[in-house]
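The structure appears right after this line, and notes come after that.
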Ligand SMILES: C[S@@+](CC[C@H](N)C(=O)[O-])C[C@H]1O[C@@H](n2cnc3c(N)ncnc32)[C@H](O)[C@@H]1O
C-alpha cells in the first residue's frame, strides 16, 4: 500500500462552465503561483518532490508539444489500441465516463482528449501542470498532485488511464504505481503506458558507449550517450526508476505483476535522433525522416533541459558545455546515427 499520509490534491477546475464536482476534498487554486514551483539555473521546476528534475516552464512545455506531435506521428492517433479506447469511451446512457492523464505536463494529450470526447470527464494530474491553457475545455480539470503518494480517492473511477513519459522519470516504485493505477481503473478500463529507455543506440541498435570526459568532439564521439548516462544516474539517485535495457519486458512484467493485466499489448519502436534513416519507399523515407527531424529538435531541447541535472551530478559549467556541444554536433551534423528505444503498451482490466 501507499503511504497513508498525504496532502489533499490541489485542483484547478475550469471555471467557465458548471464543472462536475471533484470526487474528493480539493483546495481550488486558479494559478500556479505558490509553493509548487522553484527556480534553479534559470529554469523553473516543480517544488513538490525531488524525484522529478526536468523543468516545468514554457520552454519545456514547447518541447512537450513537439514530443506530443512525435507520438501522434508514430501512432496516427492519440493512443495505441485505437478502436478499443473509442469503444470504451463511447457514450452510454446513464454512465459517466472518465479519463486520467497521470503526469499530464503541458496537457496537450489531456486537452485533445477532452475535445475529442466532450461527454467524458478528463482529469490531468501533475506535480506542476501547465495551467495557462488557452480555452481549457470545460470537461478538463487539472490537479497538482504526486502520483508517488497514490490516488486512494480515485479508486474505481476511470475508464482510461494514460501514463506517458512519467513512469521512468517520476515514479519511485513502478510495481506499486501500476497496482495503484489498476485500483483507479474501472473493470473493463484500459491503461496506456508510453515511455523511453535512457541509453542511446547506434544504427545497429546496439548501445553507444559514453564518450570519456577527457575527450573532445570531434576526436571522441558518444556525447549524447554520455549525457543520457549521467542523467539516468542522477534520476536513479533521486529515487526515480529509469530503465536501462529491455523496456518492453520490464514494463510488461510490472503490469502483469498487478495480477489484473493478463495480456498487455506492446509495440516497440526505434526512434531516430535525426533524419538519417532511409525507408523502402519514398513515402517511408519521408515519414521516417520527418520523425527523425522532430526527434532531433526534441533531443536538442531535451539535452539543454538536462543542464541542472548534469550540474547536480557534480559537473562544472565547462564540462556541461562540452557535453552539450558534443551531443548537439552529433545530432546536427549526423556524425553519429542514433536511435532511442520507446515502447507503447496498453492493457485492459478484466470485467
Ligand atoms: C516528460 S513529462 C511528460 C508530460 C506528458 N505526459 C506528455 O507526454 O507530454 C513528465 C511529466 O510528469 C510529471 N511528473 C513526474 N513525476 C510525477 C509524479 N510523481 N506525480 C505527478 N506528476 C509527475 C512531470 O511534472 C512532467 O510534467
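The values are calculated or read from the model by the stated rules, or taken from the named source; none is laboratory data. Keep in mind it's a predicted model, so treat the numbers as computed, not measured. Neighbour counts run over all protein chains shown; Cβ positions are idealised from the backbone, glycine included.
Points worth noting:
- Residue in segment 41-52 that is touching a residue at least 24 places away in the same chain (Cβ under 8 Å), more than 16 Å from the ligand (Cβ to nearest atom) and closer than 29 Å to residue 228 by Cβ present: yes
- Tally, over segment 144-165, of residues that are more than 9 Å from the ligand (Cβ to nearest atom) and either farther than 16 Å from residue 126 by Cβ or touching a strand residue (DSSP E or B) at 6+ places or on another chain (Cβ under 6 Å) (or both): 9
- Matching entry among 210, 199 (being under 18 Å from residue 299 (Cβ atoms), free of Cβ contacts under 8 Å to residues at least 24 places away in the same chain and surrounded by fewer than 24 Cβ atoms within 10 Å (Cβ to Cβ)): 210
- Tally of residues being crowded, with 16+ Cβ neighbours inside 10 Å and outside any helix (DSSP H, G or I) across segment 266-304: 9
- So residue 125, is it within 8 Å of the ligand (Cβ to nearest atom) and either crowded, with 22+ Cβ neighbours inside 10 Å or part of a helix (DSSP H, G or I) (or both): yes
- Residue 98 meets each of the listed conditions (1) buried (at least 20 other Cβ atoms within 10 Å of the Cβ); (2) at pLDDT 95 or above; (3) in a loop (DSSP other than H, G, I, E, B); (4) away from the ligand (no atom under 12 Å from the Cβ) apart from (3).
- Residue 65 without any contact (Cβ under 8 Å) to a residue 60 or more places away in the chain, within 9 Å of the ligand (Cβ to nearest atom) and more than 25 Å from residue 173 (Cα to Cα): yes
- If you go through segment 332-351 and keep only what is in a helix (DSSP H, G or I) and either closer than 21 Å to residue 195 by Cβ or at pLDDT below 95 (or both), you end up with nothing.
- For the residues 134, 118, the requirement of being part of a loop (DSSP other than H, G, I, E, B), away from the ligand (no atom under 12 Å from the Cβ) and modelled with pLDDT of 95 or more singles out 118.
- Selected residue [within 16 Å of the ligand (Cβ to nearest atom) and free of Cβ contacts under 8 Å to residues at least 40 places away in the same chain] from 237, 283, 231: 237
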